[in-house]
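Written out below as structure tokens is the structure these notes cover.
Please treat every number below as a calculation from the coordinates, not as lab data. Computed from a predicted structure; not experimentally measured. With ideal geometry, Cβ positions are generated from the backbone for all residues, glycine too; neighbour counts draw on all protein chains shown.
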Amino acid sequence: MNRNNNIYDFPSGDDLRKLLKKFKGFLILLVLVIIIAIAGTGSFYTIKEQEQAVVTTFGRAKTVSEAGLHFKIPVIQKVQKVDTTIKGLAIGYDEMTGQSIEVESMMITKDFNFVNVDFYVEYQVSDPIKFLYASADPVTILKNIAQSHIRTIVGSYNVDSVITDGKYEIQSKIKETIIEKLLERDIGLMLVNITIQDSEPPTEQVMEAFKSVETAKQGKETAINNATKYKNEKLPQAEAEVDKILQQAEATKTKRINEAEAEVARFNEMYEEYKKYPLITKERMFYEAMEDILPSMKVIIDSGTDVSKILPLESFTGGN
């Protein structure tokens, strides 16, 4: 366009068509650049370690688990990333503040006592597709399942077991039942572990009573251990004494048997002599008996009257 004598000259039709053609080419180029930029930024995604991606193509889901850079078709494909690290949730207390939530922790035991029990549940995504699409909120479902089975199993034990020596057994049973239920529901989650964080009576008075019971149990164990120690110390001594007594008895038995056998042999010899010489043997036996008896014999002479009585004889004979 030229300005001449204050009169404007408009471009001709050919010039206008050329100008429009240049503008159209520029516009097309600009649109292509924008499309390429959008496609470039939305066509690639990255998967981190312990992370999986669910890629949907026209509604069909596919899991991508390899870490690294991946490509997807813009608009047609969508990507949702799922964290597969082990996570946890608290039952019975607030994980942030540590304060008890009685509506979750308060339970009734088999012997109709109340007890506060806190649990910590560890879980992990086992199937990302089912985790995203099988249920609206799989973590809430897991928590509800855990609470239901916790109450059922805790209710089958007495309060003493829940608070003291039955914790590991209770945890094991709860874990087994939750795993079975998750397999049945198939929501893409698996239970890694469940542990009792704390268990205590609901009141201070009951707590003190249970502490006393626990102290008594420890005292019982100490007494049993001391008794076992005493037994282990004294039993060998008693066994040694028994062996000594048995040996002495055996020796006495052997001695008595030998003496009896010697007496029997002597009697048999005397009897044989008696059969050969009865009178002589009788006299010899009488004299031998008198020799044994007379040295210790005391003699008293009494005439039968009060006048001629001499008592005792030892003073006259010099006997002792």
- Message: Just to be sure I understand the model, the point goes 7 Å from the Cα along the line to the Cβ. What's the resulting E95 to D198 distance in nm?
- Response: 1.7 nm
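What's the exposure ranking of L191, L132, L27, going from fewest to most Cβ atoms within 10 Å?
Placing the least packed residue first, the sequence is L27, L132, L191.
What full-extension length gain, to one decimal in nm, is calculated for I73 and A223 as 0.36 nm per residue of separation minus the Cα-Cα distance?
Numbers: separation 150, 0.36 × 150 = 54.00 nm, distance 7.60 nm.
Going from the current span to full extension adds 46.4 nm.
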- Message: Using a Förster radius of 25 Å, what is the FRET efficiency between I245 and F267 based on their Cβ-Cβ separation? Nearest 0.05, please.
- Response: 0.20
- Query: Using only the Cα atoms of the range 221-276, what do you get for the radius of gyration and for Dmax, in Å?
  - Reply: 23.9, 80
- Message: Set the bar at 19 Å for Cα to Cα. Now go through K81/K175; K87/K175; K143/K173; K173/K217; K62/K143 and name every pair that lies beyond it.
- Response: K81/K175; K173/K217; K62/K143
- Message: Suppose the chain between T85 and M106 were pulled fully straight at 0.36 nm per residue; how much longer would it get relative to their current alpha carbon spacing?
- Response: 4.5 nm
- Query: Can you sort H70, H149 by how many other beta carbons sit within 10 Å, fewest first?
  - Reply: H70, H149
- Query: With a 10 Å Cβ neighbour count serving as the proxy for reagent exposure, in which order, fewest first, do I196, I86 appear?
  - Reply: I86, I196
- Message: Taking 8 Å as the Cα distance limit and 6 or more residues as the minimum spacing, I'd like the relative contact order of the range 127-203 as a percentage.
- Response: 43 percent
